[in-house]
Every structure is written in structure tokens, then in C-alpha cells.
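Below is one structure; the comments refer to it alone.
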Protein chains: 2
Amino acid sequence: MLAASRRPNIRLCDHTGLALPIAPALTGRMTHIRLTPLAQSLPATVPFVGPETQERARGSAFEARLGANENVFGPSPQAIRAMAEAPQWMYGDPESHDLRTALAAHHGCTPDHIMVGEGIDGLLSYIVRLMVGPQDAVVTSAGAYPTFNYHVAGFGGTLHAVPYVEDHEDPQSLLAKAAEVDAKLVYLANPDNPMGSHHKGEDIVKAMDDLPATTLLILDEAYVECAPEGTAVPLPADDPRLIRMRTFSKAYGLAGARVGYAIGHPDLIQAFHKVRNHFGMNRAAQAGALAALNDQPYLAQVQQQITQARDQIAQIAQDNGLTPLPSATNFVTIDCGRDGDFAKAVLDGLIAQGIFVRMPFVAPQNRCIRISCGTPAMLQALATALPKALADAKQG
Amino acid sequence: MLAASRRPNIRLCDHTGLALPIAPALTGRMTHIRLTPLAQSLPATVPFVGPETQERARGSAFEARLGANENVFGPSPQAIRAMAEAPQWMYGDPESHDLRTALAAHHGCTPDHIMVGEGIDGLLSYIVRLMVGPQDAVVTSAGAYPTFNYHVAGFGGTLHAVPYVEDHEDPQSLLAKAAEVDAKLVYLANPDNPMGSHHKGEDIVKAMDDLPATTLLILDEAYVECAPEGTAVPLPADDPRLIRMRTFSKAYGLAGARVGYAIGHPDLIQAFHKVRNHFGMNRAAQAGALAALNDQPYLAQVQQQITQARDQIAQIAQDNGLTPLPSATNFVTIDCGRDGDFAKAVLDGLIAQGIFVRMPFVAPQNRCIRISCGTPAMLQALATALPKALADAKQG
């Protein structure tokens, strides 16, 4: 009944181009495992290889964890306290009522405009599942968030990608492509990851004049709390043309808790109830996110720390003859000045010295490496490691 | 662009038959929201209404939370400490490597036999998504776990249900039905929820002689740590005929953390990587589950507390002239001796007095109410409330 032979190992591809072997692939010859044709066609890939996987492969921990755009400054102490006090023997409230109510007050809408989910990743999975079936067209930028692409592929959609324009995702070409292919969804991150660039919210609104009436815009504002005033799109919560994604993983410092939320028209928010994992939210995470939201002074302090860290990363880049790109996020993307192979060599040189970083994976953005804001000690480690990584890359 | 009119309210059905209004339904007339035909056909239901929702509806908190089969004795203090110490600014390890390694040692298999996920609910969603497409046949028991049914419906599968036999899920009729309808999946919980009954593991193995070669058995052993020795199915981890579901939500006391795991053949476990939310695990939850697993003496103590609480619930039932059913779980199902309407009246009478309980929802099992193990104080509150609930139900 077991497969007599095995296919070659499937390999995982991460954001940096690293590839790691994983367990042998499903052979499809086990009679009890009748995958759907779609599932059978999917590779067993991951959008990103985690830093822990890399640490296990290299046999030691990273000195500086600057690759996943986590917030090293951490969550509000009030969030930490709320999580510690949450009774974890109880299932979380499946409505996330208290958190949704607080978010509604924060954003000036009603709880019916808010869906709380297991990070933006989880919410993206739900919205793709609701709207995308086999061969349905979806539009994104080449080099934008791979996890969104993973979900589109996972539900059989057809992804159309348009290039960045001057290191920005380009709303005009995204929406033109959406019209051309009759896209059900178009994805736009503002600010952008991995480039750190941003558009003014009012410019997004103007571009949306060209949004086809049959296309929903997913506007991923994961980094918006790190961005200048005016970056968030100034549209009412119930505008039916778009759904906004927000998270507690970045500026709020709760990446490990898995709390994201979507803002949209109540009819669209309501549809999530059809498919979501109703009891999927960690109870302490709900409490932690609520406490973090209620501690806006702490958020303001973190925003200052992020600004300082961005300046410090930019200075380190310039000290090494590299060009830091302007950032509206909690990371700085550094132009290494040559091609993707060179940037990859620099990245490898940093990783070899215990500095976890990632990089864009599509040309010409892959001339860059991406450094998350770190503590002064972590950035000192970066400053120490970068000259050698650069020198080795130039020799390579 | 917004819908000009609204459909009537969709209503939620819970395990008790309670129905609560929620927000108006998606009209399907918003041009930007083009749901898939499958999503359009799905109701916006929840498998269970949470106790918090009921508390908000009634305007006060429950005195005794005995309805969701949570573990009121809570997790190991070591788990609480591990969760408090986990750095929540970091994403969780997407491989759950340390937890999977420990689980493999615990079960005498390899980490490749283990998939950790966001509770059994999350894992059920993934396995259904992998194997069930529109019109694919799936078999379960009428009155068994509604969340499994929700996932089957959510991916377009056709559910076939067989009745309980003497308050037990019946492996023979489940497997006969699977052969009859060419089921891709058959679901069996052992021990069973909501009846608390169980089969010996070796009897499940014998029944599996009739498992069709093209059907995968999902064996939900969520409550197995509360059951007598010999309940867990004595089969090797890589038996390709079944996938086992386990959880930290019940005996380990971590329902709020959302940590479940599946044990199965590596080829099947590998398939989860095709669709799962790779970064979906809460970091503290991973650490808490690992610490809970490593504190087996605490688990043994909880098992004793559960046994005592079951005895106490049985005594309360008998003191009121009702019949407690034998339980291999952390709850006791009480036969109220009449029909479903009567049991529902008893349940309503308990809820009105601040005692949160649930009940089976299919006849003839709906002659019962289901009481989770509680602290002595909670069970004292139950003992106080039950006579009035019964008297009122008899008068009703």
C-alpha cells in the first residue's frame, strides 16, 4: 500500500533564493490519499524559510535577527501583561468582540466593518478562497508578497504580475492589467514590502478611478503605522471597492501572536463567516492586541525608535558606499549597486556572520538587500559584519 | 454599487439549537464582490456559538463555564511560564520544529510523522481542503463534530451521515457507508463527543479491515488522554490508512492557545505543506505546548481531577433522578430521560441560572445534556441550579 519508490526531494525556495531539502514528496500512489487534482498539482513549497530553519542548518543562532521585518522593540508592556493574564484554558471569543469593538472605535467605523483573523496571511487565505476559483485571474506586482501568490495558486487562480516602476508598486499598471484580464482581485501593498516605498493615500484613491467595477482591491497596509501621515488611504470603511489589511505584527510588535484584521464593507466582511476558522484566534493574542491598541503612547515611542533605526541603517549603508532607499516601513532596503548575484553574495556574507537578512527576489529589485530595524546592538553587529560581506562579495 | 435591498438576516445555529441573529447577509449584488459559486452557496453559519456571545446576549457572565469541554484545571504552570517568557515580537518557527521533535519522541515516531496546526479545527480544514472537492463523498456520524461537517461543506463535499448505535459512533456502519458511497474521508472520534462514549483501540483496528482502500480514516483522538488505557488505536504512526488528530486543548488545558497535531504517514503529512498557513502558529503557544508535553506529572494530576469531577457530575445527575452516561472524556453526558424538547428546556433552565452547558443536537442523543468537568465550586453551582431547571422543564 505504501509507495514502492519515491520522487526526488522537493526543495523549498525562500525569499533569498536559498533552497533547503525537505522530506520526500507525496507520490500519489498511496491509495488512501486521494488528493484533489488541484492539491495534487501544488508543490510543497513555503513562501519563506524561517530563521529558525536557517539556524538549525548552520548550527548556531543568529546574532541579529533583521530579516523578517519583526519589531525588535517588542509590544507594549501592557500587551505582555494582558497576554500573561489571559486564561489559556478557555477558547478565544470566536467573534473577537472586544478587539473588533476597540478597532472600530479606533478607525471610526462599526465592528461589522472589521474582521479579525490569524494574521494578514490567514485573512488573505480566506479572501482568496472566497473569491478565487480555478483559472480566475488575480493581479499583483512581480516581486510583491509571495504569501499572497501562494494562496492564489493554492486555490487554483491564475496570477498576472506587473513590474515595479522605480522601486514602487505601480497602481496604474496594476489596475490596467486588472481590466485587461478581468481580475477578481488585485493586490497592492502600501507601503510596499520588500522595497519600503510608499504612495500617498490620495494618489491611490485617484488611481482607483480606473479600478474595474468587477475587481476588488486588496490594499495591504501592514506597515502603515511606520509611514508618513497621509499614507493610509482616505476612504470610508464601507467603500465596496477595496478591503484593507492591517496587522499587529509590525509596529505593534506582536508578530508571534498572529493577529491581523481586515476593514471593508459589512457585506464583504460578513462573507468571511462562510469559511473562516471561527475558533481560530488565540485567546491571549486577542487580549494582547487589545491592550496594544489601547497603548498608543507606546506605539508612538516605537515609531520614534523605528525612525532612529532607519536612520542608523541608512548611515551604515552610506558608510559602506551603498545607497539606502527611502523607507516608509520598519526596514530599509539597501541598493548594493550591482546585480542580483552580487546582492545575494552580500546577503550570504552577512548570514555567514550571524546577521539574518533577506532580499527582494525579482530583478532589478534584487540588486538590494533588506534590513529590518534592529536594536542599537543588532545594528552595531550589522555595521561590523557588512564591510567583510561586501569585500568578500567583490572578490567573489 | 451598494445593494439596494438586503436579504433577511441569516441566523446562526449552535450546538444547543440556539439561534442568534447576525448581520445581514451578503447580497451578491455588489459588483466588486464576486464570490466563487461555492462560496456564494455557503451559509454564513458558525458551528458553535461561543459562551461570550451568549453572555453578551444575556447581559451577564456565566457563573460556571461547563459547555465547551475546556479544561478548567488549566495548563501546567510550566506551560504558563513558557508562554509568558516567549518573545512575541518574533514570528513562530514555521516548522514547529522543537514541538514536533518532542511529540515524535513522545509517540515513538519521527517529526516527519507529525503536523502541528492551529488546533484540530485548523488541521481538519487542511485535510479536507487537500482531499475533498465538489461532490466528493465524506462519511461521518449524525450528530458528531459539526466543525468537521462545516469544513466538508466549505469545500463542496457531500456529507453522508450514519446514526449512532447505542450512543456510540459505529465503526462498522461508518465503513460500510464509506464503501457504499466511495468516500474519500471517513470521520470517527474516539472517544466520542458529544456522548463521551469510547471504543477500545483494538476494536477500531479490527473494524478497519473493512476500510475501503480508497478511503482515509480521520481518527479524532482529542479526548484520548481522558480515556482508559487501550483507547488510543494501537497502529504504527505511518499506517497509511488513517490520520490521527490530537490536541492540547483538552487534557493539556490549552484551548485558548490553538495547538493541535496530526499523526500520519510522512507522505500524507508532507501534503499539508501545500496548503497550510506556514507562519500560522502563535509562538507562545508552541512554547506552551512543548512545556505542557514535558510536564507529564501535571497531566497525571489533571487526569485525576477529571476523574473526580466526572464522578461528582454523575452523582449530581443521580441525585436529581437523571442517568449519567459512562464517560471517557472530560465531560459527562446526562440522559434527561425524555425527548429533545425536554432536555433543551433543562439546558435553558441551567443557562438562565448562569450555568453554561451544551447538548447533542440529533435525536435520540438530544435527550441528553453535556456537562464539562468543572472545579468543585462550578459543580456546586450546577448542583444548586439543576433541581430548579428540572422542575421548570417538567412544568413547561
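Okay, here's what the table says:
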| item | result |
| --- | --- |
| Hey, B:Gly108 touching a Pro at 6+ places or on another chain (Cβ under 6 Å), of a type outside the set (Lys, Arg), more than 12 Å from chain A (Cβ to nearest Cβ) and on the phi > 0 side of the Ramachandran plot or not | no |
| Sole exception among (1) without any contact (Cβ under 8 Å) to a residue 40 or more places away in the chain; (2) more than 18 Å from the chain's Cα centre (by Cα) for A:Phe342, by number | (1) |
| Complete set of residues in segment B:28-52 that are more than 7 Å from every other protein chain (Cβ to nearest Cβ), in contact (Cβ under 8 Å) with a residue 24 or more places away in the chain and of a type in the set (Ser, Thr, Tyr) | B:Thr45 |
| Candidate set: segment A:257-267, residues that are facing chain B (nearest Cβ under 7 Å) and under 22 Å from the mean Cα position of the chain (by Cα); chosen: the one farthest from B:Met83 (Cα to Cα) | A:Arg258 |
| Those residues of segment B:48-67 which are part of a loop (DSSP other than H, G, I, E, B) and either surrounded by fewer than 20 Cβ atoms within 10 Å (Cβ to Cβ) or more than 14 Å from the chain's Cα centre (by Cα) (or both), in sequence order | B:Gly59, B:Ser60, B:Ala61, B:Phe62, B:Glu63, B:Leu66 |
| Tally of residues being within 12 Å of another protein chain (Cβ to nearest Cβ) and crowded, with 24+ Cβ neighbours inside 10 Å across segment B:132-144 | 2 |
| Residue in segment A:104-113 that is in contact with a Gly (Cβ under 9 Å, 6 or more places away or on another chain) and surrounded by 17 or more Cβ atoms within 10 Å (Cβ to Cβ) present | yes |
| Condition check for B:Ala284: surrounded by 24 or more Cβ atoms within 10 Å (Cβ to Cβ), facing chain A (nearest Cβ under 9 Å) and at negative phi | yes |
| Qualifying residues in segment A:53-78 (those that are at the interface with chain B (Cβ under 8 Å from one of its Cβ atoms) and touching a Phe, Trp or Tyr at 6+ places or on another chain (Cβ under 9 Å)) - the one farthest from A:Gly349 (Cα to Cα) | A:Pro75 |
| Selection from segment B:87-104 of residues that are touching a strand residue (DSSP E or B) at 6+ places or on another chain (Cβ under 8 Å) and either at the interface with chain A (Cβ under 7 Å from one of its Cβ atoms) or not aliphatic (A, V, I, L, M) (or both) | B:Met90, B:Ser96, B:Arg100 |
| Test: residue in segment A:32-46 that is assigned to a loop (DSSP other than H, G, I, E, B), among the small types (Gly, Ala, Ser), at pLDDT below 95 and not assigned by TED's automatic domain parsing to the domain that holds A:Gln304 | yes |
| Candidates A:Leu185, A:Leu235, A:Leu175 - the one that is more than 24 Å from A:Thr333 (Cβ to Cβ) and either touching an Asp or Glu at 6+ places or on another chain (Cβ under 6 Å) or in contact (Cβ under 8 Å) with a residue 60 or more places away in the chain (or both) | A:Leu175 |
| Pair list, Cβ < 9 Å and 6+ apart or interchain, from segment B:67-90 residues that are of a type in the set (Asp, Glu) to residues that are in a loop (DSSP other than H, G, I, E, B) | B:Glu70/A:Trp89; B:Glu70/A:Met90; B:Glu70/A:Tyr91; B:Glu70/B:Ser249; B:Glu70/B:Lys250; B:Glu70/B:Gly253; B:Glu70/B:Asn330 |
| Any chance A:Asp121 is at the interface with chain B (Cβ under 10 Å from one of its Cβ atoms), in contact (Cβ under 8 Å) with a residue 40 or more places away in the chain and surrounded by fewer than 22 Cβ atoms within 10 Å (Cβ to Cβ) | no |
| Flag for A:Tyr261 being of a type in the set (Ser, Thr, Tyr), in contact with a helix residue (DSSP H, G or I) (Cβ under 7 Å, 6 or more places away or on another chain) and within 22 Å of B:Val46 (Cα to Cα) | yes |
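The values are calculated or read from the model by the stated rules, or taken from the named source; none is laboratory data. The structure presented is a predicted model; accordingly, all values stated were derived computationally and were not measured. Every residue, glycine among them, receives a Cβ derived from its backbone with ideal geometry; neighbour counts consider all protein chains shown.
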